[in-house]
1. Distances in nm, one decimal, shortest first, from A:R66 to the same residue in every other copy, taking the label point 7 angstrom along Cα→Cβ.
2. Got the relative contact order for the stretch B:3-155 handy, in percent, Cα pairs under 8 Å and 6 or more residues apart?
3. Put a point 7 Å out from Cα along the line to Cβ at A:T103; what are the distances to that point in the other copies, in nm, shortest first?
4. Going by the alpha-carbon gyration tensor, a ≥ b ≥ c the square roots of its eigenvalues, is the stretch A:1-84 rounded (a/c under 1.5) or, if a/c is not under 1.5, prolate (a/b greater than b/c) versus oblate?
5. Quick check: pseudo-label points 7 Å beyond the Cα along Cα→Cβ at B:A101 and A:A49, how many nm apart are they?
6. Please give the length that would be gained between B:Q117 and B:T36 if that part of the chain were fully extended, namely 0.36 nm times their separation in residues minus their C-alpha to C-alpha distance (nm, one decimal).
7. Once phi is turned into ³J(HN,Hα) by the Karplus curve 6.51 cos²θ - 1.76 cosθ + 1.60 with θ = phi - 60°, what whole-Hz value does each residue of the stretch B:121-130 show in order, with x for glycine and proline?
8. Which whole number gives the average count of other chain Cβ atoms within 10 Å of the Cβ atoms across peptide B:68-76?
2 protein chains.
Amino acid sequence: MNEGVEWALHTCVNLCWIPGQSVTAARLAAFYDLPTAYLNKQLQALARAGILMSTTGPRGGFQLARPPEKITLLDVVVAIDGPEDAFRCQEILRSGPGGQARTNYRKTCLISHSMRQAEMTWRKELSSQSIADIVQSVEHSFPKTPEDTRHWFDTIRT
Amino acid sequence: MNEGVEWALHTCVNLCWIPGQSVTAARLAAFYDLPTAYLNKQLQALARAGILMSTTGPRGGFQLARPPEKITLLDVVVAIDGPEDAFRCQEILRSGPGGQARTNYRKTCLISHSMRQAEMTWRKELSSQSIADIVQSVEHSFPKTPEDTRHWFDTIRT
C-alpha cells in the first residue's frame, strides 16, 4: 500500500482541528517533515475523490470537503491507493486444461471468490470507521493533541 | 499482492488431486501455461514455509508437505507475499510536533491501530479457510475437476 495513505489519514485528522481554514500543502507537509510535492500529489487525489476541497489564491489551500463523519478510512485508502483488490485474479484457469475463452473466472473461480471475501471483510472494517471516529479516539486518549495542533498551525509559517 | 499468490493457491489445490506424486515445476507450470522459472520461485517459497515438500532425483518434484486441512489460505499468502501488513505504519507522528524518538508509534497511534484492526479481519478470514475447504467447494461445484486434473498430470509429459 502506498505510504501516502498514512500521510492522507493523518492530514484529514489534523484538518478537523483547524476547521474553516485552508492550509497549504507546504504547511501540511511541514507538520510531519514530509516532502511537499509528494504530499501535494496525495492531497490532489483526496480532492479528486471529494474528500478535500482545494482553493487557490493568497489564502488558498486544502480543507475537508465534507464532515469527518462522512469520510471513512476506506474512502481515504481508495482515493490514494485505488479501488483494486490486493489480490488481483488473473484468471489463470482460462489457460488451464478445458479453460474457456468466454468464461469470467473472476466470478466462477472459488479461489478468487475466497480471496474476494477476505478483501470484503477488510473493506467493511475500514468503512465502519470514519475520520470523526479517529478524531474522537485521539481526543479521548491524547486530550492535548487538538490544541497543540491548532497552536502549531496558528504560529508556524512556511 | 504478488501474482504468485494466485499461482501458488491453484497449485496447492491441484496437488491435492494427485496425492503421493512429486510433480516437477515444469509440469505444474505447464498446467496453466505459466513461466516455469518464476513458478519455481514460488514453489521454493512454499517449500521454505513448510507447505510443499521438494524431492530431487529422476522422480523428484513437489508435493504437499502436510494435509490440506492444515494449510490455510493465509499460510500461502504469507509464504509468497511476506508477513508484512499492506498498511505499513512509518510512524510519521515521530516527526510531528512533540514527537518522541523513543515512542513506538505503531503501538500508540490510533490510525495505525485502526488500520491494523482491519488487516486482522482480513487475516482472520484468510486463516479460517484451508486448501481442503477450497478443494471441497470445487469438488461440489465442478465434480469433474479432480478427475480431469489427475488425467492431465497422468498423460502429459513436459
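1. Once sorted, the set of distances for A:R66 reads 4.5 nm.
2. Worked out over the stretch B:3-155, it gives 28 percent.
3. For A:T103, the other copies' label points sit at 5.4 nm, shortest first.
4. Note, shape of the stretch A:1-84 comes out oblate.
5. A separation of 3.5 nm, rounded to one decimal place.
6. 25.4 nm
7. Once θ is set to phi - 60°, the couplings for the stretch B:121-130 become 5, 5, 5, 5, 5, 5, 8, 7, 10, 9 Hz.
8. Going residue by residue through B:68-76 and averaging, the value is 1.
Where a number appears in this text, it was derived from the coordinates with a stated rule and is not lab data. Keep in mind that this is a model prediction, so the values were computed, not measured. Note that each Cβ is placed from the backbone with ideal geometry, even for glycine, and that neighbours are counted across all protein chains shown.
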